[in-house]
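One structure below.
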Amino acid sequence: MQATRRGLMAATTAASLGGALPRARAQGRPKIKIGVLNDQSGPYRDTSGLTSIACVEQAVQDFGDRGFDIEVLRADHQNKPDIGATLARQWIDRDGVDVIADVPTSSVALAVAEVCRQKDRVHLNASATSVALTGEQCSPNTIVWSFDTYMMAASSGGATVKAGGDSWFFITADYAFGHSLEQQTTLKVKAAGGTVKGAARYPFPDTSDFSGFITRAMSSGAKVIGLANAGLDTVNSVKQCYEFGAMQRGVTVAPLLMFLSDVKALGLDMAQGLVLTESFYWDLNDRTRRFAKKIAARTPNNWPAQSHASAYGGALHYLKAVADMGPAEAKRSGAATVARMKAMPTDDDAFGPGRIREDGRGLFPAYLFRVKKPSESKSPWDLYTLLSTLPAEEAARPLADSGCKMTRG
């Protein structure tokens with residue numbers, strides 16, 4: 001109960017942003033409320049946290065004043081589904097929140113998605129990755145912006161198998177996200193004729209010592225140690241694989257979900273040569289560089305990765321849909337607002353043009369990167385070399401395989 005109260009207290013922090021006018025002029029104007037719910041103190045604090053909040057705030061600023069006010073609230077769900085669901089209900093029932101954004105940790109995201117479905121509000125997911133969100137537990141109120149476990153398996157997992165990594169052992173976070181990432185990658189490995197020699201699932205978020213799991217993986221004889229985890233867990237796993245000599249013995253360590261901040265935390269001396277996938281990188285083109293420069297000014301010690309960029313892109317497209325249909329209509333029904341978002345093409349500096357599919361999955365390309373050597377890097381956040389691009393339609397699981405009831409005829 002103490003943890004729950006701490007989480008509820010965190011929800012009281014709010015800021016009026018963007019198109020809000022001085023009080024005397026703003027009376028009578030409609031207001032849209034966006035609640036950013038994420039991990040601000042745990043293993044995902046760098047891959048979501050304050051940088052995702054900054055991205056939503058930037059989206060509000062870039063959207064500008066279009067006749068309605070916008071308020072952004074924030075809270076830390078502590079990676080606990082019960083706290084996340086309670087915060088979501090409180091925000092909607094007490095504070096009139098219209099959309100709940102970001103929501104890393106798939107178990108929390110699934111719980112919050114159900115609350116939003118029941119209460120007809122928008123769940124705009126930027127950083128949870130379980131395919132269940134657009135699959136068997138899809139909802140007319142949920143959008144998953146730019147990446148999921150299928151994309152990671154298809155890109156990072158597929159590239160590793162093609163490079164000769166045909167036998168795997170997984171170290172897996174024991175909750176919905178880790179299970180989904182292990183399952184999706186296993187399907188890719190086996191489809192390519194490879195084998196899975198085993199898996200070790202560890203308690204999340206209470207594990208920092210991976211030595212026993214790494215020893216089991218190395219003893220299995222697998223060519224690849226697949227890390228079905230994220231955030232600080234991935235950073236600690238890679239560090240400990242290095243300390244145990246896995247890479248030095250020719251074992252491929254495959255971080256299946258790795259972010260820019262993780263590479264920065266590891267440092268190029270240790271991370272060089274790792275292969276990973278993101279749907280956004282700050283140095284892809286002029287538009288991504290322009291976006292990243294804005295966010296770096298807000299959070300200079302943590303440049304945006306795909307999760308942060310997704311918080312921006314999703315929030316901006318949501319606000320465009322609100323302007324298109326009118327704030328009163330948008331506040332009346334989250335499902336109707338999501339339907340309008342699906343009907344409108346997307347376009348922003350982080351992702352460029354795209355669209356949202358019937359099951360709520362945003363369609364954008366996936367980029368396979370290799371981490372640079374220290375000698376190749378020209379600046380502190382110049383960390384990736386682009387290897388290949390997976391087209392948007394191939395980065396998302398085929399609709400026929402999704403199991404989403406909304407896609408059935």
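Of the residues that make up region 182-189, is at least one over 16 Å from P255 (Cα atoms) and at pLDDT 95 or above?
Residues of region 182-189 over 16 Å from P255 (Cα atoms): 187.
Those left that are additionally at pLDDT 95 or above: 187.
Yes, region 182-189 contains at least one residue that is over 16 Å from P255 (Cα atoms) and at pLDDT 95 or above.
Before we move on, is E114 out of contact with any Cys (no Cβ under 8 Å at 6 or more places or on another chain) and either in a helix (DSSP H, G or I) or modelled with pLDDT of 95 or more (or both)?
Working: out of contact with any Cys (no Cβ under 8 Å at 6 or more places or on another chain): yes; either in a helix (DSSP H, G or I) or modelled with pLDDT of 95 or more (or both): yes.
Judged against the criteria, E114 is a match.
Any residue at all in region 279-294 that's at pLDDT 95 or above and closer than 16 Å to N125 by Cα? Spell out the reasoning first.
Filtering region 279-294 down to residues at pLDDT 95 or above leaves 279-294.
Now drop any that are not closer than 16 Å to N125 by Cα, which leaves 279-280.
The answer is yes; a qualifying residue exists.
Consider region 213-246. How many of its residues are farther than 26 Å from Q78 by Cβ and not basic (K, R)? Show your work before the answer.
Just the residues of region 213-246 that are farther than 26 Å from Q78 by Cβ, to begin with: 214-226, 241-246.
From what is left, the residues that are not basic (K, R) are 214-215, 217-222, 224-226, 241-246.
Qualifying residue count, region 213-246: 17.
Of R355, R332, which residue is surrounded by fewer than 18 Cβ atoms within 10 Å (Cβ to Cβ), touching a Gly at 6+ places or on another chain (Cβ under 8 Å), closer than 20 Å to P140 by Cβ and not aromatic (F, W, Y)?
Working: R332 fails: touching a Gly at 6+ places or on another chain (Cβ under 8 Å).
Unique residue meeting the criteria: R355.
Only strands (runs of 3 or more DSSP E) wholly contained in region 337-390 count here; list those with 1 or more residues that are small (G, A, S) and within 21 Å of D148 (Cα to Cα).
Numbers: elements: 346-348, 352-356, 366-371, 384-390.
Result: 352-356, 366-371, 384-390.
Among (1) surrounded by 22 or more Cβ atoms within 10 Å (Cβ to Cβ); (2) closer than 29 Å to L387 by Cα, which single condition is T142 missing?
Failing condition for T142: (2).
Cβ contacts < 6 Å: first residue of a type in the set (F, W, Y), restricted to region 349-362; second residue open to solvent by less than 10 Å² (accessible area, probe 1.4 Å) and not in a strand (DSSP E or B), any location; separation 6+ or different chain. Result?
F351/G313; F351/F364
Does Q240 meet the test of being in contact (Cβ under 8 Å) with a residue 12 or more places away in the chain and over 20 Å from T277 (Cβ atoms)? Spell out the reasoning first.
Working: in contact (Cβ under 8 Å) with a residue 12 or more places away in the chain: yes; over 20 Å from T277 (Cβ atoms): yes.
Against the criterion (in contact (Cβ under 8 Å) with a residue 12 or more places away in the chain and over 20 Å from T277 (Cβ atoms)), Q240 qualifies.
Limited to region 254-265, what total is found for residues that are part of a loop (DSSP other than H, G, I, E, B) and within 17 Å of S375 (Cβ to Cβ)? Lay out the reasoning, then the answer.
Restricting attention to region 254-265, the residues satisfying the condition of being part of a loop (DSSP other than H, G, I, E, B) are 256-259.
Now narrow it down to the ones that are within 17 Å of S375 (Cβ to Cβ): none.
The total comes to 0.
Quickly run through region 266-318 and pick out the residues that are touching a residue at least 40 places away in the same chain (Cβ under 8 Å), open to solvent by 40 Å² or more (accessible area, probe 1.4 Å) and not in a loop (DSSP other than H, G, I, E, B).
Listed by number, the residues that qualify are D269, V275, R287, R290, K294, R298.
Evaluate the following for S208: is it hydroxyl-bearing (S, T, Y) and in a loop (DSSP other than H, G, I, E, B)?
Numbers: hydroxyl-bearing (S, T, Y): yes; in a loop (DSSP other than H, G, I, E, B): yes.
Yes.
In region 219-250, how many residues are within 19 Å of A271 (Cα to Cα) and over 21 Å from the mean Cα position of the chain (by Cα)?
Going through region 219-250, the residues within 19 Å of A271 (Cα to Cα) turn out to be 223-250.
In the following step, the residues that additionally are over 21 Å from the mean Cα position of the chain (by Cα) were identified as 223-225, 239-250.
So the answer is 15.
How many residues are open to solvent by 50 Å² or more (accessible area, probe 1.4 Å) and under 19 Å from T234 (Cα atoms) when one looks only at region 29-79?
Summing the residues that are open to solvent by 50 Å² or more (accessible area, probe 1.4 Å) and under 19 Å from T234 (Cα atoms) in region 29-79 gives 4.
Go through region 163-220 residue by residue and tally those that are of a type in the set (S, T, N, Q), open to solvent by 40 Å² or more (accessible area, probe 1.4 Å) and closer than 18 Å to G42 by Cβ.
Pass one, region 163-220, residues of a type in the set (S, T, N, Q): 167, 172, 180, 183-186, 195, 207-208, 211, 215, 219-220.
Checking the rest, the ones that are also open to solvent by 40 Å² or more (accessible area, probe 1.4 Å) come to 183, 195, 208, 215, 219.
Subsequent filtering for residues that are closer than 18 Å to G42 by Cβ retains 208.
Within region 163-220, residues that are of a type in the set (S, T, N, Q), open to solvent by 40 Å² or more (accessible area, probe 1.4 Å) and closer than 18 Å to G42 by Cβ number 1.
Got at least one residue in region 110-124 being free of Cβ contacts under 8 Å to residues at least 12 places away in the same chain and more than 30 Å from G352 (Cβ to Cβ)? Break it down stepwise before answering.
Kept after step one, since they are free of Cβ contacts under 8 Å to residues at least 12 places away in the same chain, are these residues of region 110-124: 118.
When the remaining residues are screened for being more than 30 Å from G352 (Cβ to Cβ), the result is 118.
Checked against the condition, which is being free of Cβ contacts under 8 Å to residues at least 12 places away in the same chain and more than 30 Å from G352 (Cβ to Cβ), region 110-124 yields at least one hit.
The values are calculated or read from the model by the stated rules, or taken from the named source; none is laboratory data. The structure presented is a predicted model; accordingly, all values stated were derived computationally and were not measured. Please note: Cβ atoms are built from the backbone with ideal geometry, for glycine as well, and neighbour counts cover all protein chains shown. What goes into the accessible areas is simple: the full protein's heavy atoms, side chains included, and nothing from ligands, DNA or RNA. Shrake-Rupley method; radii C 1.70, N 1.55, O 1.52, S 1.80 Å.
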